[in-house]
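Worksheet: the structure to be examined is printed underneath.
Read the figures in this text as sums done on the coordinates, not as results from a lab. Just so you know, these numbers come straight off a predicted model, no measurement behind them. Quick reminder, even Gly has a Cβ in these numbers, built from the backbone with ideal geometry, and neighbours come from all protein chains shown.
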Amino acid sequence: MIHSVTLDKDRCKGCTTCIKRCPTEAIRVRRGKATILSERCIDCGECVRACPHRAKRAVCDPWSRLSDFEYNIALPAPSLYGQFHNMDDAGIVLGGLVKAGFDEVYEVARAAETISDRMRQSRGSESALPVISSACPACTRLILQRFPKLIRHIDPCVAPAELAAIRARALAVKKTGLPGGKIGVFFITPCPAKMTAAHNPVGLPAPVIDGAFSMSDVYLRLLPAMKKVETPLPVTAGLMGIGWSVSGGEGKALLSGRYISVDGIPNVISVLEDIEDGKLEGIEFVEIGACTQGCLGGCLTVENPFVAKARIRNLQKYMPVSQNSYSPKEDGDDITRPLPLEFTPAWQLDSSLEAAMAKHRQIEALTERLPGLDCSSCGTPSCRALAEDVTLGFASEEDCIFHMREHMALSEGPPGDNFLPPPFRRSIEG
């Protein structure tokens, strides 16, 4: 898999700030530099936010990709509308995208409304209750890695951006007469997870989106383009579709009070654990998003998510409730994933159950011997993570500075405490 989140080693200082924030323990610091474990990364962007040296960054497609196609379609995420000051008509943004270089715009909010209507009609009949939203690719990949028992709870619909891409391309083929391969469909993404999902979709046999542009990059191109818009384009979505940009918007669109909305990856993990333990009785739908305040909090956005939320709320005042619906006869099956979701064994210790259990016992024993401070001085996020790395042959037990102290205390030379950072020294003189 090609990930959006990458490391700039020239900027990295090896400070270990990022490894404590990663929800999947996908980062290690070795030889003074961070390393991202590709098989564990879910592109949630937590390390991008946390890094004080800006060594973590999200890589998106370059604007020059537009020249690869004869006809280009923009798929603006609903969160894009909340990035601009003093705007009371989302059609200005749509017109600005055309002025900036796109031939056509298809709103992702439009596809979101269609998915909401389908979910209202199905009411969880295709998934175990509570149904878990599949809109956030970072959260979906988190479930596939850490919560395999919950895979059957994930909503079977494709993501709104994917549905928008499928339908936008089909309409453009009819409109222009061009083959689908000469039509470029580009998503304007608020986060790195959706950038990765555009090129590596879950549950689809092949990508349906040709590329993704960072919302912050498009924002800079949109500002001058929007000033040239004389007549705003018609907005084809209502307040329900626009509301998907905010945490709680997807749940509200179900028109049922039996849902909860959770934003922020630590809170998501906590709720997923509760679902595993059967603690959410009476809840039919769980909306989860890795970013604070939903997609408005993505690390590729421009505006403060709380300010952007107020702007979205202001735009919704002038919109109809919804402009799109789902009809099984007319819409067909493009709204559901053709492939089943599968467990991603990123945390598997060994392909052999017997060997895996032996390694598990070794990890438990080593974890007991380690100090349990989770100080990250060894370059791993926790003492247990170090025990795993040692067992799998990626680290040494002596990487723990406390074990180094004990070793030095038995050898000739200065006391071992002198080699520890001041907060961990036991001797007063140190």
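The figures follow:
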{"read-out": "3J(HN,Hα) from dihedral phi, the stretch 195-204, Karplus parametrisation 6.51/-1.76/1.60, rounded to Hz, x for glycine, proline", "value": "5, 5, 5, 4, 9, 10, x, 9, x, 10"}
{"read-out": "Leading residue at positive end of dipole, the stretch 5-58 (Cβ point charges), from I27, A58, T16", "value": "T16"}
{"read-out": "In the stretch 289-359, the trypsin sites (Lys or Arg not before Pro) that fall in loop regions by DSSP, at most 15 other Cβ within 10 Å", "value": "K317"}
{"read-out": "Residues whose placed amide H lies under 5 Å from that of V262, excluding near-sequence neighbours", "value": "E287, I288, G289"}
{"read-out": "Euclidean distance of C-alpha centroids, the stretch 347-377 and the stretch 106-133, integer Å", "value": "40 Å"}
{"read-out": "Where labels lie 7 Å past Cα in the beta-carbon direction, separation of E273 and E330 in nm", "value": "4.7 nm"}
{"read-out": "Helix-only [θ]222 nm of the chain, DSSP H runs n ≥ 4, -39500 (n - 2.57) each, per residue, nearest 500", "value": "-10500 deg cm²/dmol"}
{"read-out": "Shape call, the stretch 1-140: gyration tensor on alpha carbons, a/c limit 1.5", "value": "oblate"}
{"read-out": "GNM flexibility winner over the chain from R361, R49, R141 (Cα, springs under 10 Å)", "value": "R361"}
{"read-out": "The stretch 231-293 - charge dipole about Cα centre, Lys and Arg +1 at Cβ, Asp and Glu -1, debye rounded to 20", "value": "360 debye"}
{"read-out": "The chain shape via C-alpha gyration tensor axes, a/c threshold 1.5", "value": "prolate"}
{"read-out": "The stretch 54-60 - phi-based ³J(HN,Hα) in whole Hz, Karplus 6.51/-1.76/1.60, Gly and Pro as x", "value": "6, 7, 9, 8, 9, 9, 10"}
{"read-out": "Dipole axis of the chain (+1 Lys, Arg; -1 Asp, Glu on Cβ), positive-most option in I401, V108, V218", "value": "V218"}
{"read-out": "Listed residues M215, M404, M226, most fluctuating in the chain (Gaussian network, C-alpha, under 10 Å)", "value": "M404"}
{"read-out": "Karplus-derived HN-Hα couplings along the stretch 33-50 (A = 6.51, B = -1.76, C = 1.60, θ = phi - 60°), whole Hz, x at Gly and Pro", "value": "9, 6, 9, 9, 7, 4, 5, 9, 5, 10, 6, 6, x, 4, 5, 5, 5, 7"}
{"read-out": "Trypsin sites (Lys or Arg not before Pro) within the stretch 146-242, DSSP loop, no more than 13 other Cβ atoms inside 10 Å", "value": "K227, K228"}
{"read-out": "Dipole in debye (nearest 20) - the stretch 5-58, about Cα centre, beta carbon charges: Lys, Arg +1; Asp, Glu -1", "value": "280 debye"}
{"read-out": "Residues with amide H under 5 Å from that of V131, placed H, sequence gap 5 or more", "value": "F285, V286"}
{"read-out": "Within the stretch 63-331: Cβ-based charge dipole about Cα centre, in debye rounded to nearest 20 (Lys, Arg +1; Asp, Glu -1)", "value": "320 debye"}
{"read-out": "Choice from A385, A355, A168 showing the highest fluctuation, given a GNM over the chain with Cα pairs closer than 10 Å", "value": "A355"}
